[in-house]
Structure formats: C-alpha cells, structure tokens
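J.: One structure is given below, represented as structure tokens, and several questions about it will come after.
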Amino acid sequence: MVRIPDAKVALSTASVYPESTATAFEIAARLGYDGVEVMVWTDPVSQDIEALRRLSDYHGVPVLAVHAPCLLITQRVWSTDPWVKLQRARKAAEKLGASTVVVHPPFRWQRSYAREFVRGVWRMEHETDVKFAVENMYPWRYRDREMLAYAPDWDPTSDDYRHFTVDLSHTATARNDALEMVDRMGDRLAHVHLADGNGSAKDEHLVPGRGSQPCADLLERLAAGGFAGHVVVEVNTRRAMSAAEREADLAEALAFTRLHLASPTWVPGS
C-alpha cells in the first residue's frame, strides 16, 4: 500500500517553449496534469489574465501558480519596476485562483530592490493569502570565474522568508546538495520545480531521472511528510525534434513524478 500526498502536479508553461502558453494548457489537459504554472514572459497571452482564464476554463486545467517575470528577457514585462511586477503577479494569482507566486531573488544591480527585498516580500505576504515562494538560484560561471549575480543571495535559505521554492536544476548548477537545502527550508518549503541536471554551468532543466539530482528521493521524502504544496514539472524541451517528442518528454516527466510522489504505508501484520 502507498500513501499519496495532497500535492498537485503541475506543468510549467515554460516547459513547452518555444511553443506558446496556450499549447501548454492543451498538453497539460491531454496528459493529465493537475494544473499549470504560468511563466509570465514575452508571450502576450502569459501576461493577459482574461486570456489565461479562458484557456483554463476551456481546457479544464486550473492555474495553480504564477511565476513572476524575473528573467533577464522579461525586464520590461509588466513594468520596469520589480515591485510592480510582484503586485501584478499577486493580482493575477488572486484572480486566477492560484495559491502561489514564484519569485527569484533580485539581480545585484537592482540595488534598491535588493535592499528591501526580504522585508518587502514579508509585507506583501501579509496583504494576501497568496504565498510568495522565493526560489533558489545559482552563481553564474564562465570558465574558471564565478559571478554572484543575485542579492541578498542566490541561496534564499541564507535569509528569512516565509515560503520557499526549491528548483533541482538550480541545485545542480549551483553544485550544492538539494536534500540539505530542503532540510534548511523545512516546513517553509511550499513549492517544487522538478527538473534534473548534471552540474553544468548552464541551467539544464533536464527531464527528471536523466541527471544526477535526487529527484526520486526528494519526491519520496515529500510524500512521506505529507507535502501539500505543488510539484511543478519545469523542463527544457527546446531540443525536441517534433511536437510528439516534446509531448513524450512531458509524459515521461509526469509519470516519473507520480511514481515517486508516493510513500509506503505500514500495514499491521506485514
């Protein structure tokens, strides 16, 4: 017998790139994902709450999380002011019924934002039921050089946040121990980006099981602990040679997640 936690398994809309946000909803519905995490980026649909609501209703796929536009390519999406970006992400989450906003630590050159980030995230959490789950990042590396691109730190467990997101592709790139990081996060771990990696300086986002990260161990640990957050498949399918190959990768990732997101239960007399 096994025990299945309440955690839902979602598909990040980033996992279908270069296909569209709309395609992610379609694939999530067809493969049987519990919902989607919307990556807000340059695709206009990802920025449009009403368009997202229509996609969600049409496919019967709820939006479980919103990833705020924190990437370099989204510096002008939803304003150039990072606090406005977070406010709009919260508004989107509230209107779409999503429980979580995923946010990256600031870039070091965003000095004012970085100085106020920890206090500001706490303040925003007090204004809504939506969780702001701060994600672990990694040092940027080029050959033998390392650049600390994030502040206060690429490792959010160095600071006091109410909720965390752990990303296993990022732990691979940072070359740190994913399970130790999860231990530091403790019961503040609210959200998981499930992907794999081999420790390359490039953020790989491999299908879970194809790299060196403890994806299965983490899922089994979450199941044993009754994790009730969301597990989001966030993988890179840009090299897929066809739509069928991309969908096969996403089906494999879902099957892996469901298989390991379970914990044996003790049966008397066994």
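J.: Does SER56 fit the bill of being surrounded by 24 or more Cβ atoms within 10 Å (Cβ to Cβ), polar (S, T, N, Q), in a helix (DSSP H, G or I) and out of contact with any Lys or Arg (no Cβ under 7 Å at 6 or more places or on another chain)?
T.: For SER56, the condition - surrounded by 24 or more Cβ atoms within 10 Å (Cβ to Cβ), polar (S, T, N, Q), in a helix (DSSP H, G or I) and out of contact with any Lys or Arg (no Cβ under 7 Å at 6 or more places or on another chain) - is not met.
J.: Does ARG111 satisfy the criteria of being among the charged types (D, E, K, R), closer than 12 Å to VAL40 by Cα and open to solvent by 90 Å² or more (accessible area, probe 1.4 Å)?
T.: Spelling it out, it is not the case that ARG111 is among the charged types (D, E, K, R), closer than 12 Å to VAL40 by Cα and open to solvent by 90 Å² or more (accessible area, probe 1.4 Å).
J.: If ALA149 passes every condition in (1) more than 30 Å from PHE256 (Cα to Cα); (2) open to solvent by 10 Å² or more (accessible area, probe 1.4 Å); (3) in contact (Cβ under 8 Å) with a residue 24 or more places away in the chain; (4) not β-branched (Val, Ile, Thr) but one, which one does it miss?
T.: Unmet condition: (2).
J.: Considering only residues that are surrounded by 18 or more Cβ atoms within 10 Å (Cβ to Cβ) and without any contact (Cβ under 8 Å) to a residue 40 or more places away in the chain, look in region 126-140 and name the one that is farthest from ASP187 (Cα to Cα).
T.: Among those residues, the one meeting the criterion is MET137.
J.: OK, next. Just a yes or no: is a residue in region 65-82 over 29 Å from GLU146 (Cα atoms) and in a strand (DSSP E or B)?
T.: There is at least one residue in region 65-82 that is over 29 Å from GLU146 (Cα atoms) and in a strand (DSSP E or B).
J.: Sticking with this one: So which of THR100, THR80 is hydroxyl-bearing (Ser, Thr, Tyr), under 23 Å from GLU125 (Cα atoms), open to solvent by less than 30 Å² (accessible area, probe 1.4 Å) and out of contact with any Cys (no Cβ under 6 Å at 6 or more places or on another chain)?
T.: THR100
J.: Let me ask you something else. Restrict the check to region 259-266 and report whether at least one residue is part of a loop (DSSP other than H, G, I, E, B), open to solvent by 30 Å² or more (accessible area, probe 1.4 Å) and farther than 17 Å from SER15 by Cβ.
T.: yes
J.: Here is a further query. Quick one: would you say GLU245 is at pLDDT 95 or above and open to solvent by 30 Å² or more (accessible area, probe 1.4 Å)? Working first, answer last.
T.: On the way: at pLDDT 95 or above: yes; open to solvent by 30 Å² or more (accessible area, probe 1.4 Å): yes.
Here the answer is yes, as GLU245 does meet what is asked.
J.: Say whether the condition of being over 21 Å from VAL38 (Cα atoms), loosely packed, with under 15 Cβ neighbours inside 10 Å and modelled with pLDDT of 95 or more is met by at least one residue in region 195-206.
T.: yes
J.: Could you please give the count of residues in region 1-43 that are of a type outside the set (A, V, I, L, M), touching a Pro at 6+ places or on another chain (Cβ under 7 Å) and within 16 Å of LEU96 (Cα to Cα)?
T.: Going residue by residue through region 1-43, those that are of a type outside the set (A, V, I, L, M) are 3, 5-6, 8, 12-13, 15, 17-21, 23, 25-26, 30, 32-35, 37, 41-43.
Adding the requirement that they be touching a Pro at 6+ places or on another chain (Cβ under 7 Å) leaves 35, 41.
This time we only want the ones that are within 16 Å of LEU96 (Cα to Cα), so: 35.
Looking only at that region, the number is 1.
J.: Quick one: GLU245 ticks every box in (1) within 23 Å of ASN176 (Cα to Cα); (2) without any contact (Cβ under 8 Å) to a residue 24 or more places away in the chain except a single one, so which number is it?
T.: Unmet for GLU245, out of (1) within 23 Å of ASN176 (Cα to Cα); (2) without any contact (Cβ under 8 Å) to a residue 24 or more places away in the chain: (1).
Condition check ((1) under 15 Å from the mean Cα position of the chain (by Cα); (2) at pLDDT below 95) across all residues:
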{"site": "TRP140", "(1), (2)": "no, yes"}
{"site": "ARG162", "(1), (2)": "no, no"}
{"site": "LEU168", "(1), (2)": "yes, no"}
{"site": "GLY186", "(1), (2)": "no, no"}
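Table: residues versus (1) in a loop (DSSP other than H, G, I, E, B); (2) charged (D, E, K, R); (3) touching a residue at least 60 places away in the same chain (Cβ under 8 Å).
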{"site": "TRP154", "(1), (2), (3)": "yes, no, no"}
{"site": "THR157", "(1), (2), (3)": "no, no, no"}
{"site": "VAL166", "(1), (2), (3)": "no, no, no"}
{"site": "SER169", "(1), (2), (3)": "no, no, yes"}
{"site": "MET185", "(1), (2), (3)": "no, no, no"}
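J.: Would you pick out the residues in region 65-77 that are within 26 Å of ASP34 (Cβ to Cβ) and surrounded by fewer than 21 Cβ atoms within 10 Å (Cβ to Cβ)?
T.: Correct list: LEU71, THR74.
So that you can scan it fast, the table gives a plain yes or no per residue for (1) among the β-branched types (Val, Ile, Thr); (2) under 18 Å from the mean Cα position of the chain (by Cα):
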{"residue": "THR157", "(1), (2)": "yes, yes"}
{"residue": "THR165", "(1), (2)": "yes, yes"}
{"residue": "MET181", "(1), (2)": "no, yes"}
{"residue": "VAL192", "(1), (2)": "yes, yes"}
{"residue": "SER200", "(1), (2)": "no, no"}
{"residue": "CYS215", "(1), (2)": "no, yes"}
{"residue": "GLY226", "(1), (2)": "no, no"}
{"residue": "ALA240", "(1), (2)": "no, no"}
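The values are calculated or read from the model by the stated rules, or taken from the named source; none is laboratory data. Small disclaimer: the values here were computed from a predicted structure and weren't measured. Ideal geometry is used to build each Cβ from the backbone, glycine not excepted, and the neighbour counts take in all protein chains shown. Quick note on the areas: whole protein, heavy atoms, side chains included, nothing else; ligands and nucleic acids left out. Shrake-Rupley method; radii C 1.70, N 1.55, O 1.52, S 1.80 Å.
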